[in-house]
Amino acid sequence: MTSEALEGTIMTVAGPIRPEELGPTMMHEHVFMDASGRWSEGDSEVPDAGTRAFEASFNARARWASHVLRDNLALDPVKDYEVMEAEVRAFADQAGPGGCLVDLTSGGIHPDPARLRSLAEAAGIRAVTGAGFYVCSTHPEWVETATIDELAGFIRHEVEVGRCETDVRAGIIGEIGTSETLQACEERVLIAAAQVASGSGLTLNIHCHPGTREVTHGIIDIVERAGADLTRCYLSHLDEIADEDYVRSVLDRGCVVGFDSFGQEGYFGPGWAARTDLDKARMLSRLAGEGYADQLVVAQDVCKKQHLETFGGLGYGHILQRVVPRMRELGLLDAGLQQQILVETPRRLLTRVGSR
């Protein structure tokens, strides 16, 4: 189908659907991926941490130092397929008809769109796959010297033809990786991704290292100059920022902010503790009450074995099963806001519009 024919539809891994077919949606997840290249050998308290299979008993250690357990960093499409199907089925039970996972496994962390399609069909969910490249440290070697035109051509192929030599087409651009200090190759990828997003009518997702306000606004400046529609630019992980004025400054530019690391309580690094789900819920509720309700989306960013229920984690259904009921119990969420953040805003972001 041509780009014009796809306007007004949502591209899932199984093909285009009408927006009204989309139900509760987690806007930033991973099903199959492999980030074990980022494994950092260290004191894991687990013998043979570089080769030993992850076990539920390792979960507490993983919350303290996730990257020193190598198998924790891989959700393998062959070895872990049955586990992942069970995990996604559990989400389907919580979400009901039209429930959707947006899988933002981009280039460099080994997406498998064909198996994602098979699993989504088996589990009875909608799934959307993203296009582009993750952070610099994971880039394929050719990306380091590629021109903006070459990068844009690759991303455009993922949108118009298919990803990873398949016919599974991307329905969103992202997650486009940025590091704490933006690298030159990451800037070129950002520009290319923004150009493709503008030309295709798809939303652009950016993985933000929360860092500083200046870095984040610099990223927004780059994609805006490259032609991105900021109302269709979704920045992930800013729920880890306690400074609400910082988050408001991003929202005030029209961008969507992802509260997409629910359930990740623990440590991202030795001096970097995740914020609690309750802190995130309260901030989301306050921002919604200030008029930003249609610029907020949610997810859990499941990306390690420690996040899976099989291994003692909270799984893809955590927001629906626990966070939403608790927010309603505390008066932080009503039916209208729930529908907005879980259904209406995802429908808007995932529905393809005309090129700019």
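The values are calculated or read from the model by the stated rules, or taken from the named source; none is laboratory data. The structure displayed is predicted, hence computed values, not measured ones. Reconstructed Cβ throughout: ideal geometry from the backbone, glycine too, with neighbour counts over all protein chains shown.
List of remarks:
- The range 155-187: number of residues that are part of a loop (DSSP other than H, G, I, E, B), free of Cβ contacts under 8 Å to residues at least 12 places away in the same chain and either touching a Leu at 6+ places or on another chain (Cβ under 7 Å) or of a type in the set (A, V, I, L, M) (or both): 1
- Only one of 332, 337 that is at pLDDT 95 or above and either under 21 Å from residue 93 (Cβ atoms) or assigned to a helix (DSSP H, G or I) (or both): 337
- Verdict on residue 32 being hydrophobic (A, V, I, L, M, F, W, C) and within 23 Å of residue 157 (Cα to Cα): yes
- Qualifying residue in the range 285-298 (condition: surrounded by fewer than 22 Cβ atoms within 10 Å (Cβ to Cβ), closer than 30 Å to residue 76 by Cβ and hydrophobic (A, V, I, L, M, F, W, C)): no
- Of all residue pairs spaced 6 or more apart or on separate chains, those with beta-carbon atoms under 9 Å, a first member in the range 138-149 that is within 19 Å of residue 38 (Cβ to Cβ) and a second member that is assigned to a helix (DSSP H, G or I) and of a type in the set (Val, Ile, Thr) are 139/189; 143/189.
- Within the range 327-341, if we keep just the residues that are surrounded by 15 or more Cβ atoms within 10 Å (Cβ to Cβ) and aliphatic (A, V, I, L, M), the residue that is farthest from residue 99 (Cα to Cα) turns out to be 332.
- Selection status of residue 116, over 19 Å from residue 169 (Cα atoms), crowded, with 20+ Cβ neighbours inside 10 Å and not basic (Lys, Arg): no
- Within the range 1-56, considering residues that are in a helix (DSSP H, G or I) and modelled with pLDDT of 80 or more, the one surrounded by the most Cβ atoms within 10 Å (Cβ to Cβ): 6
- From 227, 211, residue being outside any helix (DSSP H, G or I), closer than 19 Å to residue 150 by Cβ and of a type outside the set (A, V, I, L, M): 227
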